[in-house]
Amino acid sequence: MWTINRYPGTWLIPALLPVVLMTVYPIGHALWTSLHEVMLLFPGEPFVGLKNYERVITNNYFLDALRNSLVLTLMAAPVVVTLGTLVALFLQRRFFGSQIVRSVVLLPWVLPGAISAVLWVWVFHPSFGILNGTLRELGLGQFAVDWLTSPRTALFSVGVAHIWTQIPFAVVLLMAALANINSETLEAAAVDCRSPFKRFAYVIFPEIKAMIVVLLVYNALMAFTTYDLVYAMTGGGPGTATTLLSFQIWRESFSMYDFGAGSAVAFIVVVISAAFIVAITKALPSDLFASD
Amino acid sequence: MPGRLHPLLTFLFAGLILLFTGGPVLLSLYGSLVPDRILFDSSRSLLTEGPNFETYRYVFTGQLPDSYLQESANRAMISDAARQVPQALVNSTVNALAAMVLNLLLGAPAAFIFARYVFPGKKISFLYLILSPLVPAVALVTPIYMMMQWLGLIGTPFGIILVHTARALPFTILILSVFFRRIPAEIFEAAVLDHCSRFQLFWRVAVPLSLPSIGATGLFAFMLSYSEFMFGMLLSGDAETRPVSVVMAALARNTDVSWSLLNTGIFIAIVPTLVLVVIVWRFVVEGLLSGAVKG
């Protein structure tokens, strides 16, 4: 690390400018909205303080939505990163057809969310779906359930679809991180340590830890703010079984035209996601956020 | 790579990965090749009927599939939106390429400075970048729309490109700085002894050494823009500028549209993008595995 005595504006301003442009005013506006009563049908936007927040939190959907969002995030982020690491480790090997597998892994990435939702609706469809079809063929018909319309499995099914959409990105970045490891380090480790698990724990994992932290943060954010899969797969139902906080922002704002309440939910989401980020970076300390 | 795996285990693992990631897409390919009435008829299948390319023909030439010209057929099952897919694909690719190039051009220098230097204001700028994507995009839709209207960018690709670039940049910078940090410090020290300026350190040392990683990051920026839906819908105007995610969502939400036409649309949208992504990805993997960085 070298020290520069003044702010390196020529290096940073071009990158900061678009981000600042797309955040300062919009976030300020959203914050203002969350403190005012902004409804499309009523003229005037009186200041109501924290009333919107109070109204949202005491609403009967809130606890369900909060729980669903937390469950989805706690399920998706670790699973995506773990599966991604396993797949990336596996795909580093060369075997017959490895090129094909490496390409097919990227498929879920190429599809916009709305389309992934359609494909997964088809997989989970109670009568035409491939999942129930396969279960029946295998003689396991009693396990065939209405995946997306039964309250017990709906959130799980949406979670599987969400994980599917996020896997390729994790694989790409982890393969890049794995390949960046100095080959001499790996050779030395292969000599010193016979157990592949120990080799992973003591040699490979520390090398890719920073990337894993980045991916955990990114995936926690993605899972906590996703709404398009839910919108297209279940519409938040059955009941409140798949209602997510992020989906509720959309519903309050664009379905009930209560923009104040929508923004209030959004800032509740901000606080919780910030807590996620802090928790992840505290649990897995890496040099990523070090200031020196 | 050190370590060997039993061939059968390799095969099994590869099969599982293929099934999970490729399975749903394979279903869509299957659906696009058979008309609906065969799809929902358990006694007939692709094997008994042979592939049917009528819906592909419809998308590219506008000639209606024969199966929908029969008397009992429901004309609502054909949607004009399917015909917009090829144009939308071009729009999305242009947007995504622009967002990718902008992300790398603007993000890489910033990531380099963050990874290698200490300077006043570093913490606050980095924190701002990390925390800015916390606010869910849904909550920012209205103000961003108003801003774009004020700037006169509604209905042009520039508005979409600007928003997509800004939304991907924090992650681009974060990811690239992880890669730049992994370059051994000795290489930079040697370059400094050779009187390299800061820009030369970046352009002649850091960038060439992490080219494959930059490719992977560029792929991320590309895909984030390519698959983004909400801002694409709000900021695009008529069918001429609509990105593929918006066209596909319109097709998918229309419950009347035939499965095979929808799947045809999906498949036409997948293939060119997948080819593009795989080419970049192969370069990334090959470059990385051949050991571009020798410490």
Exercise. Which of A:F267, A:F197, A:F276 moves most in a GNM of chain A, Cα contacts under 10 Å?
Worked result: A:F197
For this session: Using the Kirkwood radius over Cα pairs, work out the Stokes-Einstein diffusion coefficient for region A:85-193 at 25 °C and 0.890 mPa s, in µm²/s as a whole number.
Result: 148 µm²/s
Exercise. Hey, can you list the DSSP H helices of chain A whose Cα span along the axis is 20 Å or longer and whose average Kyte-Doolittle score is at least -0.5?
Worked result: A:62-91, A:154-179, A:205-225, A:259-283
Problem set entry | Inter-label distance, nm, simple model (7 Å from Cα along the C-beta direction), B:V271/B:R253 | 2.8 nm
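Across all directions of projection, what mean area in square nanometres is found for the Cα convex hull of region A:1-99?
Details: hull surface 57.6 nm².
The number I arrive at for region A:1-99 is 14.4 nm².
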For this session: Compute from the Cα atoms of chain A the Rg and the Dmax, the latter being the longest Cα-Cα distance, and quote both in angstrom.
Result: 22.8, 74
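Can you give the net charge of the other residues whose Cβ lies under 13 Å from the Cβ of A:L111, counting K and R as +1 and D and E as -1? Walk me through the numbers on the way to the answer.
Details: positive: none; negative: A:D228, B:E228.
Summing Lys and Arg as +1 and Asp and Glu as -1 gives -2.
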Exercise. Mean 1/r over all different Cα pairs, inverted: what Kirkwood radius does region A:214-262 give, in Å?
Worked result: 11.4 Å
For this session: Select from A:I27, A:I167, A:I212 the residue whose mean-square fluctuation is largest in a Gaussian network model of chain A (Cα-Cα springs shorter than 10 Å).
Result: A:I27
Exercise. For region B:94-203, what does the equivalent ellipsoid look like in terms of its semi-axes, each the square root of 5 times an eigenvalue of the Cα gyration tensor, given largest first in whole Å?
Worked result: 33, 16, 11
Problem set entry | Residue (of A:V217, A:F200, A:N180) at the positive-pole extreme of region A:166-252, dipole from beta-carbon charges | A:F200
Problem set entry | Distance in nm between pseudo-label sites at B:L211 and B:I279 (7 Å out along the Cβ direction from Cα) | 1.7 nm
Exercise. A:M256 to B:L19: FRET efficiency via 1/(1 + (r/R0)^6), r the Cβ-Cβ distance, R0 35 Å, to the nearest 0.05?
Worked result: 0.30
Exercise. Cα centroids of region A:140-163 and region A:66-107: how far apart, whole angstrom?
Worked result: 20 Å
Exercise. Hey, rough spin-label estimate for A:T134 and A:F95, points 7 angstrom out along Cα→Cβ, what's it come to in nanometres?
Worked result: 1.8 nm
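How high is the FRET efficiency from B:I187 to B:L26, r the C-beta distance, R0 35 Å, rounded to 0.05?
On the way: r = 45 Å, r/R0 = 1.29.
So the FRET efficiency works out to roughly 0.20.
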For this session: Springs between alpha-carbon atoms under 10 Å, Gaussian network over chain A: tell me which of A:V171, A:V278, A:V158 tops the mean-square fluctuations.
Result: A:V278
Problem set entry | Kirkwood Rh (inverse of mean 1/r, distinct Cα pairs), the protein assembly as shown, angstrom | 25.4 Å
For this session: Note the count of lysine pairs whose C-alpha atoms are less than 25 angstrom apart in the protein assembly as shown, limited to pairs 8 or more residues apart or on different chains.
Result: 9
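I need the fraction of alpha carbon pairs in region B:128-262 separated by more than 19 Å, rounded to a whole percent. Write down the numbers at each step before the final one.
Values: 5770 of 9045 pairs.
I get 64 percent for the Cα pairs in region B:128-262 exceeding 19 Å.
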Problem set entry | For the protein assembly as shown, size of Cβ-based charge dipole, Lys and Arg +1, Asp and Glu -1, in debye | 1260 debye
For this session: Would you please calculate the Kirkwood hydrodynamic radius of region A:177-290 over all C-alpha pairs and express it in Å, rounded to one decimal?
Result: 17.1 Å
Seminar exercise, completed: Going fewest to most other Cβ atoms within 10 Å around each Cβ, B:H6, A:H125 line up as B:H6, A:H125
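In deg cm²/dmol, rounded to 500, what helix-only [θ] at 222 nm does chain A give when every DSSP H run of at least 4 residues adds -39500 (n - 2.57) and the total is split over its residues? Each step should come with its number before you reach the end.
Numbers: 15 runs with 191 residues, N = 292.
When only DSSP H runs of four or more count, the value is -20500 deg cm²/dmol.
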Seminar exercise, completed: On the formula 1/(1 + (r/R0)^6), with r taken between the Cβ atoms of A:I57 and A:Y7 and R0 of 35 Å, the FRET efficiency rounded to 0.05 is 0.30
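Each reported figure results from applying straightforward, stated rules to the coordinates on display, with no laboratory input. Worth saying up front: this structure is predicted, and the values here are computed from it rather than measured. Using ideal geometry, Cβ is built from the backbone for each residue, glycine included, and neighbour counts are taken over all protein chains shown.
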